[in-house]
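None of the figures in this text is laboratory data; all of them are computed from the coordinates on show. Since the structure is predicted, the reported quantities are computational estimates derived from the model, not experimental observations. Every residue, glycine as well, gets a Cβ built from its backbone with ideal geometry; the counts of neighbours run over all protein chains shown.
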């Protein structure tokens, strides 16, 4: 079938005006005025619809078309008429409309506005609504922008493994991956479950991060990134947590924490600008119906220098705010893990722009972060953004073998588990750094959507694995 | 640190010649000639190395550098001298070399050539070898090319879920995803394992394909694609099977099998051309040391029209070959599933180019493939390529509700499990098609590497989940 996509009509209206075109898409609405009528058609190629005008005289099956339900699939042929005086730049004067697929009368998403909660029960159909059409286009464009950003800079994309046998600290929050039947597990001679008989010959889990694997590749390629799914078996039912989500984790060699922050800032600005450039219709819709400050906020962030403040100074700022009468739910003192309310105060009220908080106490950060010369803080940098709080967590990695070994011992971790990781420090170690960006958090930020369930095609959360 | 990457030196040699530059990288070899010496340095930014020349007079720590081991990390500063008469276009005349990280004398990958089998035990270090440097760069470039191919054509990238509760036919080959402790599983009142108490409130597995989910999005966006990990718990220890691998699955609306094949052919040619364009040094190395026919084969495929033959005609060709004396291990007759030996005969000896075999018997293909008018074949198309066999499996999907329902009933499948999938046929169904490309198979094809374990950063196969 020689059809033209609606995106193409909008891109080439000047050329295509006056021409015969065939457009295939789905009905958003039909208005029948007896002898003429209008079909609003969308084919998914862009956010905008096409208005199809039908005339009883010109169209043999006028009544058939006039009775189509929302979401019926139609193939429409006719002249593309430019309409400089109408709200839309053109319309299709149909001379032929074929019904490719009817839509049953019980179609669940009729014209009336459905709640996002109801739409979560219709995940197979919700991409057909304006809201999800916008969200999932932005998601796709943002993903492509991230790949382009890193590839253009010579980074190597690494598919770090999803299934892992490394146990790590967070084991309690990991999903087991197994072919063992829990009704009848193989047992060893002590009566324990014998994982040596499991598929991989050992207990295995779903990864929580590709970072340690990415470091293997950064020590060969210099600059690498991952972009893949990660998992948390956390029993937390919030608007910001999903059991399955995508992460971007760049890792850069011969680089320190300042380089890492520069990279994160450049990347965020690049993605925001690219989405603003490629998705103006989607953002306009989201700005109107989801978050009235969205476009202003994105524009501001794309053009701001991000603030940088140490954790120690950030705590002072928060303490001063408390002294000046500001109330937080959680008390503030040096050593605490910053809460979302603290993060949002810093980025929204104090700095009024995206803010890197750096050099956190070692106690509240991961074992692989580089110990600062003060002996009590580490070279970490979290990026906080207005409206959402933490969006990126990064650090310079501990590249000194003896410091890392000491830290692993202090934390009571098993050095044998980290043999390969320590090998990187034995054979040509170098200053290096990286960060993790939760992709769904970014999409929420780019769209103004407040619930992570609405930026994931088919969200997996505690108690929910439908579709 | 203001450093220049080696890729930049090669790109801008004219401009940078005669300038002071700083380069950071890892030692591939050191040759000490007493008063002068050479360090071959690679920083991962490109396949090519940099020759660093050091002179005892110019370099205070000459002896320290001369004694560095393979893989030590160095930061070298000096003048970039163009050497028009030498094999390499320039060298760095070092005035300062700092040791960023020594490499211990027991570094496992010394200069002598290691076997790929040994290197599989050194997955954290093997990206530093020429072979894996080439393979994993090609892998990254191919992944980026795939994204660019689809994005440039307006496809929406969809992250279909990794964890799934849909049981499907292939349940026996799926990994369970659970937080249940097999040593102490919760039981229901009949004594069976109670998966309603598992994390998702139901039994869950790792996905084997995103296709059914992708169709949800194709019915909204028209053209979509997935690119993510998929899993098989098959107990097969071959050079072509991994438990975890990446798949690309485009799905296109208002399209038939011919459109699907056009898309697959365009995509393969695009990726091959892009990799040839961006990775000439990597391919030259692979062509020299791994597969001497590689570049010729890729060039041929990028410039051939792919053959198209029905399964029925393909079987006749094979039967004719048998009649003419060709021996196959597996007998040939209409109705068989083609074996790799048959596929390779068709593409390598008969057609001598990539070949789509279409319209397979319904019995040997999946339930969702569109039934042809003959009532016994389906609109499937597998793409066979010389040297590897099947690389793509695609089909037009059954879009007719009643035909699909009948097929599901015939196969004894539970229609309730496919409610959402059937809904797509109830509400605006349309002709549509798609295919699956195993990404590792493609990387094997692009690199000539014969074992899937050597194109995966950290392969997961039966009995093996290291690193």
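Couple of notes before you dig in:
- Residue B:305-residue B:402 pseudo-label distance in nm [points 7 Å out on the Cα-to-Cβ vector]: 3.9
- Crossing angle, helix B:130-152 versus chain B [Cα axis fit, 0-90 degrees, rounded to tens]: 50
- Cα-based radius of gyration of the range A:196-306 once divided by 2.2 N^0.38 Å, which approximates compact folds: 1.43
- Cβ neighbours within 10 Å from other chains - mean over A:249-256: 3
- Residue-averaged beta-carbon neighbours from other chains (10 angstrom radius) around A:132-140: 4
- Between the Cα long axis of helix A:211-221 and the first principal axis of chain A there is an angle of about 90°, rounded to the nearest 10.
- Fewest-first sequence of A:352, A:28 by Cβ atoms within 10 Å of each Cβ: A:352, A:28
- Relative contact order of the range B:353-443, taken over Cα pairs closer than 8 Å and 6 or more residues apart, is 26 percent.
- Per residue of B:456-462, other chain Cβ atoms within 10 Å of the residue Cβ number 6 on average.
- With both labels modelled 7 Å from their Cα along Cα-to-Cβ, the residue A:349 to residue B:296 distance reads 7.4 nm.
- Subtracting the Cα-Cα distance of residue A:58 and residue A:333 from 0.36 nm times their residue separation leaves 91.4 nm of extension gain.
- R0 of 41 Å, Cβ-Cβ distance residue A:88-residue B:419: FRET efficiency to nearest 0.05: 0.65
- When only Cα pairs below 8 angstrom with a gap of at least 6 residues are kept, the range A:6-101 shows a relative contact order of 31 percent.
- In the calculated pair-distance distribution of chain B, the portion above 42 angstrom amounts to 31 percent of the Cα-Cα pairs.
- Approximate shape of the range A:404-467 as ellipsoid semi-axes (Cα gyration tensor, √5λ), whole Å, largest first: 38, 17, 11
- Contact order, relative form, for chain A: 13 percent (alpha carbon pairs under 8 Å, 6 or more residues apart, mean separation divided by residue count).
- Kirkwood hydrodynamic radius of the range A:6-101, from the reciprocal of the average inverse Cα-Cα distance over all distinct pairs: 13.1 Å.
- Distance from the C-alpha centroid of the range B:362-380 to that of the range A:294-325: 61 Å, rounded to the whole angstrom.
- As a calculated quantity, the FRET efficiency between residue B:51 and residue B:152 at R0 = 41 Å, using C-beta atoms, amounts to about 0.60.
- Given their separation in residues at 0.36 nm each and the Cα-Cα distance between them, residue B:81 and residue B:38 gain 14.1 nm when the chain is fully extended.
- The order of B:36, B:175, going from fewest to most other C-beta atoms within 10 Å of their C-beta, is B:36, B:175.
- Fraction of C-alpha pairs exceeding 11 angstrom in the range A:258-300: 66 percent, rounded to a whole number.
- The ranking of A:291, A:188 by Cβ neighbour count inside 10 Å, starting from the fewest, reads A:188, A:291.
- Estimated distance in nm for a label pair at residue B:376 and residue B:409, the labels positioned 7 Å out from Cα along Cα-to-Cβ: 2.3
- Counting all C-alpha pairs of the protein assembly as shown, share separated by more than 42 Å (%): 40
- For chain A, the longest principal axis of the C-alpha atoms and the axis of helix A:401-410 are separated by about 90°.
- Equivalent-ellipsoid semi-axes of the range A:333-467, from the Cα gyration tensor, Å, largest first: 31, 21, 13
- If the chain linking residue B:181 and residue B:266 were pulled fully straight, counting 0.36 nm for each residue of separation and taking away their Cα-Cα distance, it would gain 25.8 nm.
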